[in-house]
1. So what is the calculated 222 nm ellipticity per residue for the chain, using -39500 (n - 2.57) for each DSSP H run with n of 4 or more, over all residues, to the nearest 500 deg cm²/dmol?
2. May I ask you to list the aspartates and glutamates whose Cα is less than 12 Å away from that of residue 261, ignoring any residue fewer than eight positions away on the same chain?
3. If a paramagnetic tag sat 7 Å from the Cα of residue 157 along the Cα-Cβ line, which residues of the stretch 112-126 would have the backbone N under 19 Å from that point?
4. Using only the Cα atoms of the chain, build the gyration tensor, take square roots of its eigenvalues as a ≥ b ≥ c, and label the shape rounded, prolate or oblate: rounded if a/c is under 1.5, else prolate if a/b is larger than b/c, else oblate.
5. Whole-Hz Karplus ³J(HN,Hα) for the stretch 513-526, in order, using 6.51 cos²θ - 1.76 cosθ + 1.60 and θ = phi - 60°, x for Gly and Pro?
6. Using a 1.4 angstrom probe on heavy atoms only, work out the carbon and sulfur share of the accessible area of the chain in %.
7. Considering the options 453, 325, 403, tell which one lies farthest towards the positive end of the dipole of the chain, charges being +1 on Lys and Arg and -1 on Asp and Glu at the Cβ, about the Cα centre.
8. Counting Lys and Arg as +1 and Asp and Glu as -1, each charge on the Cβ, what is the dipole of the stretch 29-171 about the Cα centre in debye, to the nearest 20?
Amino acid sequence: MRRLVLLRTAFCLLFATVFVPMEVAAQEVTQSLYYTRIYDFIDELATDRIISVKSVVKPYSRAFIAGCLAEAASKDSLLDRRQKADLEFFMNDYAAELDTLPKAYVHWSNKKSFDLSLIQPQFMYQSKNFKMYVRPILGMDISYNRKGLLMTRRWGAEIQMDIVDHVSVWGSLRDNSYTGSYLNDEYFPSDYDKMLGARVQAPSYLNNLPGAAYKEANYGADFSDFRGGVKAYAWWGSIGLVKDNLRWGDTYNSSNILSDKAPSFPMITLNLKPCKWFEFNYIHGWMVSNVVDSSYWYVEETHDVDESKRHYRPMNKFIAANMFTFTPIRGLDLSFGNSIVYAERNVQALYFIPFAFFKSLDHLATKGLGTENQNSQVFINLSSRNIKHLHLYASFMIDEFSFSRLKSDNPEHNIISYKAGFNVSNWPLKNLSAGFEYTRNGILTQKHSIQAITYTSSSYYLGHYLGDNSQEFYAYLQYKPVRGLDIKLSYTKAQKGKDYDYVRENVREIISQTALDELTFENDIVSLKAVYEIWNNCYAMLNLEYNNARGYDLSSDVIVGENRLDSQGYLDKFAPKYYQGENWTVSVGLSIGF
């Protein structure tokens, strides 16, 4: 009997420590990375040391953002007039997470438990055990330069639900189309040329646009993008099954650890926040290999039974990754983690161990087989906001590392990508921020001799968009004169060196080459962009951009593994025709929702 009493007591204690705190936990619906204004604002508050955030892993949850806004509201004496106006504006968008209803301009109905509004268009409902909102997505951008007019349209909807403070469910669908019909006949003479001319997001193009999986379209580019998921959560963390974009690594332009360049893919996620000084993130993802498995096909029967048709399937491709973040003092975050890309027939239980060093597990799984190991990486990220108004950061993605390559007499170079930068916010002038970022990617970074396990998904790089043997200089000034208006002047110099394949039998010679000794491609971009958020999630955009993309002929000898092209060949490979050469491009747009 005494043992039974002890067991009952232990169970009650476990219930009290785990499940009771879930009543005050925050929902875990993630905020799209493309709502850049809210991410900029949270970063600004953190750099001004009004709030504290660990910014190495994104996206944030909407509840986390709402908590940051609430904390800033409790310190409103530290905010200037524009920041207070922006804070009030954003808190209206996160009304459900703050247990209120939003203030709309035009209501169809206005009850205590639900709100149906025309401006901003949405339906929202909340009760003790259930919260929900539905929003439409609608938008159009028009870009024009000497090569013609390119029109982008998108439409869809998103829904978010929170159930009994335990489970969050959300989904969004955006159908996107790029119309090339208005492109200039001089540069795009046929309908086929116009169709290809509208596809400015191909995997080989070295631009920072989000990736796309195009559907068949005879007028241009057409693709849909679904993101969503379900998460169970408590105050100390969450576990979920989601399809979303990721951005790991501090950056103000493009991450070199995990970027949102590749189309979103499904993954299991784990997030733990047991205390203020530690956070842990883990994913296991199902990616798109775009590599045909010649031993796996479907059979389609035809009229002639002797000539059935085979439909080959792509090889499986998976990723497991983790990130540990420690905060020894306020404002200083030290993060490290690792990942592995593998292409077995089925998922491997080894890689579902969240805290593992995956390369060690890989050695165990493949030992003695005489075959190539899987593809592993190591991550390091440093972020400091210890000086008010200043954010310093650096990140490293180590694809392969050997201490012997550090010796001065060894011509081989480690396969590493690194980034360093700073951001100054609201100093010396209010509402003005400035920053600079440098990225350098070593030869063969993100590549592998086995195509099925390269550091890509849907053929897009998972890390920095320039790929290997490249560097980027990025500088910007951002001014926020009034609530909702962001004006940003930026300069980007992107440079690409010789283009190599990871040829195993000649890899030592390849990584002994001098990085960027000759350029194959270069692009200079100057952009002046103004975005005004009219009401929550309704945007007007105007962008004036100059770019100069050019390819170069090479004079050095070709080695085994190098893809040697002429200047036009490199230009066609790395830049869409719409942006080749010198261009002045003006873009205008209006969007409702993201």
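The values are calculated or read from the model by the stated rules, or taken from the named source; none is laboratory data. Every value quoted in this text rests on a predicted model; they were computed, and no experiment measured them. Every residue, glycine as well, gets a Cβ built from its backbone with ideal geometry; the counts of neighbours run over all protein chains shown. Quick note on the areas: whole protein, heavy atoms, side chains included, nothing else; ligands and nucleic acids left out. Shrake-Rupley method; radii C 1.70, N 1.55, O 1.52, S 1.80 Å.
1. Value at 222 nm, helices only, nearest 500: -4000 deg cm²/dmol.
2. List returned: 244.
3. Within reach of a label on residue 157, which here means backbone N under 19 Å from a point 7 Å along Cα→Cβ, the stretch 112-126 contributes 114-126.
4. Numbers: a/c = 1.40, a/b = 1.19, b/c = 1.18.
Since a/c stays below 1.5, the shape of the chain is classed as rounded.
5. Values, residue by residue: 5, 6, 5, 6, 5, 9, 8, 9, 8, 8, 9, 9, 10, 10 Hz.
6. 62 percent
7. The residue sitting most towards the positive pole is 325.
8. Charge dipole, the stretch 29-171, about its Cα centre: 460 debye, nearest 20.
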